[in-house]
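Asks: Quick one: structure below, then a few questions.
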Amino acid sequence: MITKEQFQQAIEQRDAAEKVINEYTKQSRDAFAARWERFDKHNEYFTDSDLIYSATSRCKKCEAGLAYPKGCDPWHQWTCSGVLKGIGTDKGHTALPFSMYEVLSEQQPSANGETTRPNRELDSKSSV
Ligand SMILES: [Zn+2]
């Protein structure tokens, strides 16, 4: 039998946990927003170790693999990795919003190890 005190204590623990979760989520969101601004406004490009690549989907313009930066928001997009790495700075590279396109990530088990990531051997040694 759960007492009223135990019930009350559980609610307080839940509220404290929610506060930690919400603060952590906010910190992560702010950190990514700051990182994206450094990319977008100050040409601080991403490296392969910052990116999650698609299994097979590539940019329609330059054939580089599509990718997104680790830690991005759920409303971000798959982008030409050449653009993210500062190689493709001209217009017309592929960008597909997560909310509108289903792109298979290299991290999905159903990708069976396929990836559009260049230099796979080098990247497997970097931290995730
Ligand atoms: Zn491209």
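Asks: What is the diffusion coefficient of segment 45-128 in µm²/s, taking the Kirkwood radius over Cα pairs and the Stokes-Einstein relation at 25 °C with a viscosity of 0.890 mPa s? Could the numbers behind the result be given before it?
Replies: Values: Rh = 12.8 Å.
Translational diffusion coefficient: 192 µm²/s.
Asks: Kirkwood Rh over alpha-carbon pairs of segment 1-103, then Stokes-Einstein at 20 °C and 1.002 mPa s: what D in µm² s⁻¹, rounded to an integer? Please list the in-between numbers first.
Replies: Values: Rh = 16.0 Å.
For these conditions, the coefficient is 134 µm²/s.
Asks: Suppose we flag chymotrypsin sites (Phe, Trp or Tyr not before Pro) only when DSSP calls them loop and at most 13 other Cβ atoms lie within 10 Å. Which is the longest uninterrupted stretch of the chain?
Replies: Details: sites that count: TRP75, TYR101.
Counting at most 13 other Cβ atoms within 10 Å as exposed, the longest clean stretch of the chain is 1-74.
Asks: Then there's this: With angles folded into 0 to 90 degrees, how steeply does helix 4-42 sit against the dominant principal axis of the chain? Use alpha carbons for both and round to 10.
Replies: 20 degrees
Asks: Counting alpha carbon pairs within less than 8 Å and at least 6 residues apart, what relative contact order, in whole percent, applies to the chain?
Replies: Details: 158 pairs, mean separation 30.5, N = 128.
Relative contact order here is 24 percent.
Asks: Further question: Order these by the 10 Å Cβ neighbour count, fewest first: THR25, THR56, THR115. Intermediate results must be reported in sequence, preceding the final value.
Replies: Working: THR25 10, THR56 14, THR115 19.
With the sparsest Cβ surroundings first, the list reads THR25, THR56, THR115.
Asks: Take the cross-link list LYS26/LYS91; LYS70/LYS91; LYS41/LYS70; LYS26/LYS70; LYS60/LYS91; LYS19/LYS41 and give me the ones stretching past 21 Å between alpha-carbons.
Replies: Pairs exceeding the cut-off: LYS26/LYS91; LYS70/LYS91; LYS19/LYS41.
Asks: Something else: Applying the Karplus parametrisation 6.51 cos²θ - 1.76 cosθ + 1.60 with θ = phi - 60° to the phi angles of segment 91-108, what ³J(HN,Hα) value in whole Hz is obtained for each residue in order, glycine and proline being reported as x?
Replies: 7, x, 7, 5, 9, 10, x, 3, 5, 10, 10, 9, 10, 6, 7, 4, 7, 6
Asks: Order of THR94, THR3 from fewest to most other C-beta atoms within 10 Å?
Replies: On the way: THR94 22, THR3 8.
Placing the least packed residue first, the sequence is THR3, THR94.
Asks: Arrange MET1, MET100 by Cβ neighbour counts within 10 Å, fewest through most, would you? Show your work: numbers first, answer last.
Replies: Details: MET1 3, MET100 7.
Ordered by Cβ neighbours within 10 Å, fewest first: MET1, MET100.
Asks: Moving on. What is the set of long-range amide H partners of ILE52 at a cut-off below 5 Å, with H atoms built 1.01 Å from backbone N?
Replies: Long-range HN contacts for ILE52: TYR68, LYS70.
Asks: Under the rule of at least 5 residues apart or a separate chain, name every residue whose amide H is placed under 5 Å from the amide H of TRP78.
Replies: LEU96, PHE98
Asks: Amide H of CYS62: which non-local residues (sequence gap of 5 or more, or other chain) have their own amide H closer than 5 Å, using H built in the peptide plane?
Replies: Those qualifying (amide H under 5 Å, at least 5 residues apart or on another chain) are THR94.
Laboratory data are not the source of any read-out in this text; all were calculated from the coordinates shown. The structure displayed is predicted, hence computed values, not measured ones. Glycine gets a Cβ as well: all are built from the backbone with ideal geometry, and neighbour counts include every protein chain shown.
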